[in-house]
1. Measuring from a point 7 Å past the Cα of ILE124 along Cα-to-C-beta, which residues in region 87-105 have an amide N at less than 13 Å?
2. Taking the simple approach of a point 7 Å from Cα along Cα-to-Cβ for both SER35 and GLU6, what is their distance in nm?
3. Can you list the HN-Hα couplings for region 52-67, worked out from phi with the Karplus curve (6.51, -1.76, 1.60; θ = phi - 60°), rounded to whole Hz and with x for Gly and Pro?
4. Spelling out what I want: for every residue of region 85-90, take phi, set θ = phi - 60°, compute 6.51 cos²θ - 1.76 cosθ + 1.60 (Karplus), and round to whole Hz; glycine and proline get x.
5. At q = 0.15 Å⁻¹, work out log10 I(q)/I(0) for region 89-140 with the Debye formula, treating every Cα as an identical point scatterer and leaving solvent out; two decimals please.
6. For the chain, what is the convex hull (Cα atoms) projected area averaged across all directions, in square nanometres?
7. What is the local net charge at SER31, summed over the other residues whose Cβ is closer than 13 Å to its Cβ (Lys, Arg +1; Asp, Glu -1)?
8. If amide H atoms are built 1.01 Å from N in the plane of the peptide, which residues on other chains or at least 5 residues away come under 5 Å of the amide H of GLU30?
Amino acid sequence: MFKIGELAKIADVSKRTIDYYTQMGLLHVESTSASNYRLYSVQSIEDIRFIETCKAVNMCLNDIKDRLELKRSGNSEGKEQEMLMKQAEILAKHMKQLEIEINELKPIFDRLNEDSQKMIANQISPQSMALMQSIMILIN
């Protein structure tokens, strides 16, 4: 079990961030110590890393909370189906946003010379390129 300061140091976030995540229900306090310190489990480290990864792709905290609840859910099939439907809606929203961004950037990209286009294309991993192509197929 970790006190908030220990967890913050291990997860490389501030104590304030952990407080906020706890208040939002993203992190769970496992117990409190005799001195009334909140104690967090090892799972909290994984949860924080998951949260930070989701934030890096601009996912809002409410969507992250839903995703965490899905990960934590037991074998309740009805709840899992409901959570998966929510996640499908979130993915659809993200795909729509990507479509908008691609449509905005495509004309600018097309105006670049071939060397610049290749340089930019090389910055995008093969997986990202495949994902973008898949998204373009899905939205067209």
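Where a number appears in this text, it was derived from the coordinates with a stated rule and is not lab data. What you are looking at is a predicted structure, and each value in this text was computed from that prediction instead of being measured. Glycine gets a Cβ as well: all are built from the backbone with ideal geometry, and neighbour counts include every protein chain shown.
1. 98-105
2. That separation, rounded to one decimal, is 1.1 nm.
3. Whole-Hz 3J(HN,Hα) from phi for region 52-67: 5, 5, 5, 4, 5, 9, 6, 7, 6, 4, 5, 5, 5, 4, 4, 5.
4. 4, 4, 5, 5, 5, 5
5. -0.46
6. Details: hull surface 46.2 nm².
The Cα convex hull of the chain, projected and averaged over all directions, gives 11.6 nm².
7. Computed value for this residue: +1.
8. LEU39, TYR40, SER41
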